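Chemist: Here you go, one structure.
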Amino acid sequence: MNQNYLTSSEAAKYMGVSESTLFIWYRYHDLPRFQIGNVIKYQRTALDEFLDKYTEAYEDRKNWSKW
């Protein structure tokens, strides 16, 4: 199996969230994924970029509260 592409279950475990949260991020926050038939896959590098983007945005928002 190619470890660069993860199933929903593997991606959720990799990111430390539930599969439901993963779906919410896909639906409302543009988490990239692709689907072939009934198989949904997430690219590991895309997951890392997503976490970096939203971690940075969260930190920026948290710092605003100090003003």
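Chemist: Exactly one condition in (1) at pLDDT below 85; (2) aliphatic (A, V, I, L, M); (3) touching an Asp or Glu at 6+ places or on another chain (Cβ under 7 Å) is false for Met1; which is it?
Modeler: With respect to (1) at pLDDT below 85; (2) aliphatic (A, V, I, L, M); (3) touching an Asp or Glu at 6+ places or on another chain (Cβ under 7 Å), Met1 is out only on (3).
Chemist: How many residues does segment 26-66 hold that are among the small types (Gly, Ala, Ser), at pLDDT 75 or above and loosely packed, with under 12 Cβ neighbours inside 10 Å?
Modeler: Step one: list which residues in segment 26-66 are among the small types (Gly, Ala, Ser), which gives 37, 46, 57, 65.
Now restrict to residues that are at pLDDT 75 or above: 37, 46.
If we keep only those that are loosely packed, with under 12 Cβ neighbours inside 10 Å too, we end up with 37.
Qualifying residue count, segment 26-66: 1.
The values are calculated or read from the model by the stated rules, or taken from the named source; none is laboratory data. As the structure is a computational prediction, the values presented were derived from the model and not from experiment. Positions of Cβ are generated from backbone atoms using ideal geometry, with glycine treated the same way; all protein chains shown enter the neighbour counts.
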